[in-house]
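Structure first, commentary second.
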Amino acid sequence: MVRSNRKNPNRIRRSKEDIVVDTFCVVFITLLSLCCLYPMLHVLFASISDPVKVLFHSGPMLWPEGFSLAGYKATLARRDIWLGYANTIFYVTVGTGLNMVMTVIGAYALSRRDFMLKRALSLFIVFSMYFTASIIPNYLLMKGLHLLNTRWVLILPGAIGTHNLLVMRTALSRVPRELEEAAILDGASDMQILFHILIPLTKATMAVILLFYAVGHWNAWFNAMAFLPLAKDLYPLQLVLRQIVITNSQDQSTGDVADFLGESVKYAAIIVSTLPILCIYPFLQKYFVKGVMLGSVKG
Amino acid sequence: MHRDFDSLNKRKDLERENRPFGGKRGTNVTTAEGRAPGGAGGRRDPPKKGGYFYRLGLNIKKYTLVYLLMLVIVAYYVLFHYVPLLGNIIAFKDFKPALGIADSEWVRLQNFRDFFKSPFAWRVIRNTLKISGLQMLIGFPAPIILALMFNEVRGKYFKKITQTISYLPHFISLVVVCGILIDFTSSDGVITKLLTLFGVDSQNLLTNPKYYVWIFVLSGVWQNIGWGSIIYIATLSGVDQALYEAASIDGAGRLQKIIHVSLPALTPMIAIQLIMRVGNLMSLGAEKTILLYGPSVYETADTISSYVYRMGLQQRNYSFAAAVGMFNSVINFLLVVFANWFSRKCVEESLW
């Protein structure tokens, strides 16, 4: 205390209440951070531990028990993991690409100031966000369109996220109109205005939306389960992971020889499938945070 | 540059062509067109002359590209959002895939009657409300309290690192979260072992109806507390520091400042978020339930959406499931409309 006062003579001495509040907050936040971090650490430690020790381990794991990469070897030897990875990469790239094109198109149209049907169409779109059909009519529609058990069933129906569309519309309509007027005087066409003025000026918003779409595709599994009942080869990584991590642990009846690896494979598969998110997350975190604020701004 | 001049000339030609449509206010129209062919500027409104469709025709001519692009978007929404809404019609039919939707027999409200007469109706509605309600009761204040705490912490790096860590669970996929949960709550899992210290028997917690709901709700809070706090932290960072200084001069302690300065600053945001939560009270998704539950806990775990999934896609009882799903969407919609009406009245904010 004394030292900090010397450094900053204007600082008021902390009262007892200050000390209690500060300590409580720091302790609580530290505990919460540990709670948020520990599960992934546990999985990481278990995945590089000795498979036999993992099998008989119980309770918290604070450090790897023994060291073995057998779990990773067994995981990476599975065909379905690689196939799932390839499929997910396809869904993420093609899906996000389509998402961005459609979202920019829709937002561009809805942000034009003199476009007469703007209000009617906004209502038409927002209504669909709050009155949704259950999965049954959706399933029958996919069946009717012959999209069931094809890749496109995971890409086309979700081509636009309405919330992202509205965020993008707000961003585009905030571009100062003087810029567009100047461009028109210079003889720019609509497309030139879109590509040389609107898109560069809303790059930050677009990056955020792109990230949300991409993470959404990466983590998606439910539609794949519902709409790809007969196409195991098209399963995204998360659905493969579900089979390894959840379905298997619910019926532990398979008496395979290599079964003692089962637990380790589970942990290794989680790490393998979450690694990309964990690697990019610290660097992109601030964009996601920006995204929350964008979403809260009403268009 | 050359191309730019070209297009400028073209634009002039267009203006000349369009002039007759402007009628007597031709000059005005020309300026508006000259300014706003991309729909960009155009300070003046389009001419108010002529009927609605006449003006619409002019508007379409002026913004042909915008209308064409909009056609794509409308087609998407009609096909993937409105056609399924129409598809709900099978809720009033006895749908047989072999016959198709059109030729299946009408049964009017039979499916709805079947649902409300079955013992499952009360069970799934009760469970949905219970889980959603608990999620709101615990999950709603938690981010607010966390944000208030972050606001009190001074260490810049400590704050930054802990915030980043607290958002992390939000980005981990549901499959992984549920996989870890199942592992941690198995008979020799981390959470079970911790609970045995408090006298709970070593058991698979997720197959015990008593614990299932709490695991479901608390894991949701864990996943979203950090992420949910962002919006409140941002609101707090916009509070004028002079208010805190004034409060100190008036002799307020830390807790008093939290209650009388920070909390009032958050109130509008809290009101809006709360109203939105109420609007979503019955729209609990099926994903997490499907990952976590099993037949032994259906009594407390089965929600409307998971019931719809099981009935429709697993037992192929399409019409019945569609009826239950439609009942749920109508309730959801009414709740959102009500919440929005309430919000507009009380906090003068609305979703649309």
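Looking at the range B:90-104, which of the residues that are in a helix (DSSP H, G or I) and more than 16 Å from residue A:142 (Cα to Cα) is farthest from the chain's Cα centre (by Cα)?
The selected residue is B:103.
Output the number of residues of the range A:15-33 satisfying the condition of being under 17 Å from residue B:219 (Cβ atoms), loosely packed, with under 14 Cβ neighbours inside 10 Å and either at the interface with chain B (Cβ under 8 Å from one of its Cβ atoms) or within 22 Å of the chain's Cα centre (by Cα) (or both).
0
Restricting to the range B:189-214, give me the number of residues that are more than 8 Å from every other protein chain (Cβ to nearest Cβ), open to solvent by less than 30 Å² (accessible area, probe 1.4 Å) and either in contact with a Gly (Cβ under 6 Å, 6 or more places away or on another chain) or not aliphatic (A, V, I, L, M) (or both).
2
This table checks each residue for (1) modelled with pLDDT of 90 or more; (2) within 13 Å of another protein chain (Cβ to nearest Cβ); (3) closer than 30 Å to residue A:238 by Cβ; (4) assigned to a helix (DSSP H, G or I).
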residue	(1), (2), (3), (4)
B:219	yes, yes, yes, yes
B:222	yes, yes, yes, yes
B:246	yes, no, no, yes
B:260	yes, no, no, yes
B:264	yes, no, no, yes
B:268	no, yes, no, yes
B:290	yes, yes, yes, yes
B:299	yes, no, yes, yes
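Yes or no: the range B:264-271 includes at least one residue that is assigned by TED's automatic domain parsing to the domain that holds residue B:221 and open to solvent by 70 Å² or more (accessible area, probe 1.4 Å). Working first, answer last.
Keep residues of the range B:264-271 that are assigned by TED's automatic domain parsing to the domain that holds residue B:221, which gives B:264-271.
Okay, now just the ones that are also open to solvent by 70 Å² or more (accessible area, probe 1.4 Å), so B:267-268.
The answer is yes, given that some residue of the range B:264-271 is assigned by TED's automatic domain parsing to the domain that holds residue B:221 and open to solvent by 70 Å² or more (accessible area, probe 1.4 Å).
Just to verify a result, which residue in the range A:66-119, among those that are assigned to a loop (DSSP other than H, G, I, E, B) and away from chain B (no Cβ under 14 Å), is nearest to residue A:214 (Cα to Cα)?
Selected residue: A:78.
Scan the range B:80-98 for residues that are touching a residue at least 24 places away in the same chain (Cβ under 8 Å) and loosely packed, with under 14 Cβ neighbours inside 10 Å and jot them down.
Selection gives B:97 alone.
Residue B:111 - would you say it is among the polar types (S, T, N, Q) and out of contact with any Phe, Trp or Tyr (no Cβ under 7 Å at 6 or more places or on another chain)?
It is false that residue B:111 is among the polar types (S, T, N, Q) and out of contact with any Phe, Trp or Tyr (no Cβ under 7 Å at 6 or more places or on another chain).
Which ones in the range B:176-188 are more than 7 Å from every other protein chain (Cβ to nearest Cβ) and either outside any helix (DSSP H, G or I) or over 18 Å from residue A:246 (Cβ atoms) (or both)?
B:185, B:186, B:187
Of everything in the range B:133-175, what is facing chain A (nearest Cβ under 9 Å), within 19 Å of the chain's Cα centre (by Cα) and open to solvent by 30 Å² or more (accessible area, probe 1.4 Å)? Give them in sequence order.
Hits for the range B:133-175 are B:170, B:174.
Buried (at least 20 other Cβ atoms within 10 Å of the Cβ) and more than 25 Å from residue B:216 (Cβ to Cβ): does that describe residue B:319?
yes
Inspect the range A:120-142 for any residue being in contact (Cβ under 8 Å) with a residue 40 or more places away in the chain, open to solvent by 20 Å² or more (accessible area, probe 1.4 Å), out of contact with any His (no Cβ under 9 Å at 6 or more places or on another chain) and not in a helix (DSSP H, G or I) and give the result as yes or no.
So far as the range A:120-142 goes, no, none of its residues is in contact (Cβ under 8 Å) with a residue 40 or more places away in the chain, open to solvent by 20 Å² or more (accessible area, probe 1.4 Å), out of contact with any His (no Cβ under 9 Å at 6 or more places or on another chain) and not in a helix (DSSP H, G or I).
What number of residues within the range B:236-259 are free of Cβ contacts under 8 Å to residues at least 60 places away in the same chain, open to solvent by less than 60 Å² (accessible area, probe 1.4 Å) and within 16 Å of residue B:152 (Cβ to Cβ)?
7
Which pairs have Cβ atoms under 7 Å, sit 6 or more apart or on different chains, and link a residue in the range B:99-126 that is not assigned by TED's automatic domain parsing to the domain that holds residue B:295 to one that is assigned to a loop (DSSP other than H, G, I, E, B) and buried (at least 16 other Cβ atoms within 10 Å of the Cβ)?
B:101/B:95; B:104/B:95
Given the criteria at pLDDT 85 or above, part of a helix (DSSP H, G or I) and facing another protein chain (nearest Cβ under 9 Å), does residue A:277 qualify?
Working: at pLDDT 85 or above: yes; part of a helix (DSSP H, G or I): yes; facing another protein chain (nearest Cβ under 9 Å): yes.
Against the criterion (at pLDDT 85 or above, part of a helix (DSSP H, G or I) and facing another protein chain (nearest Cβ under 9 Å)), residue A:277 qualifies.
Test residue B:68 against the stated conditions and say whether it is open to solvent by 60 Å² or more (accessible area, probe 1.4 Å) and in a helix (DSSP H, G or I).
Here the answer is yes, as residue B:68 does meet what is asked.
Any residue that is surrounded by fewer than 19 Cβ atoms within 10 Å (Cβ to Cβ), outside any loop (DSSP other than H, G, I, E, B), over 23 Å from the mean Cα position of the chain (by Cα) and away from every other protein chain (no Cβ under 12 Å) - is there at least one of those in the range A:47-58?
yes
Quick check on this structure: which one of A:201, A:185, A:147, A:172 is surrounded by fewer than 19 Cβ atoms within 10 Å (Cβ to Cβ), modelled with pLDDT of 90 or more and touching a helix residue (DSSP H, G or I) at 6+ places or on another chain (Cβ under 6 Å)?
When all the criteria are applied, what remains is A:147.
Given the options B:181, B:197, name the one that is touching a residue at least 24 places away in the same chain (Cβ under 8 Å) and under 20 Å from residue A:38 (Cα atoms).
So the residue among B:181, B:197 that is touching a residue at least 24 places away in the same chain (Cβ under 8 Å) and under 20 Å from residue A:38 (Cα atoms) is B:181.
Here are some conditions: (1) open to solvent by 60 Å² or more (accessible area, probe 1.4 Å); (2) at the interface with chain A (Cβ under 9 Å from one of its Cβ atoms); (3) closer than 30 Å to residue B:268 by Cα. Residue B:130 meets all but one. Which one does it not meet?
Every listed condition holds for residue B:130 apart from (2).
The values are calculated or read from the model by the stated rules, or taken from the named source; none is laboratory data. This one's a predicted model, so the numbers in the text were calculated from it and none came from an experiment. As a convention, Cβ positions derive from the backbone with ideal geometry for all residues, glycine included, and neighbour counts pool all protein chains shown. The accessibility values were calculated without ligands, DNA or RNA, using every heavy atom of the protein model including side chains. Shrake-Rupley method; radii C 1.70, N 1.55, O 1.52, S 1.80 Å.
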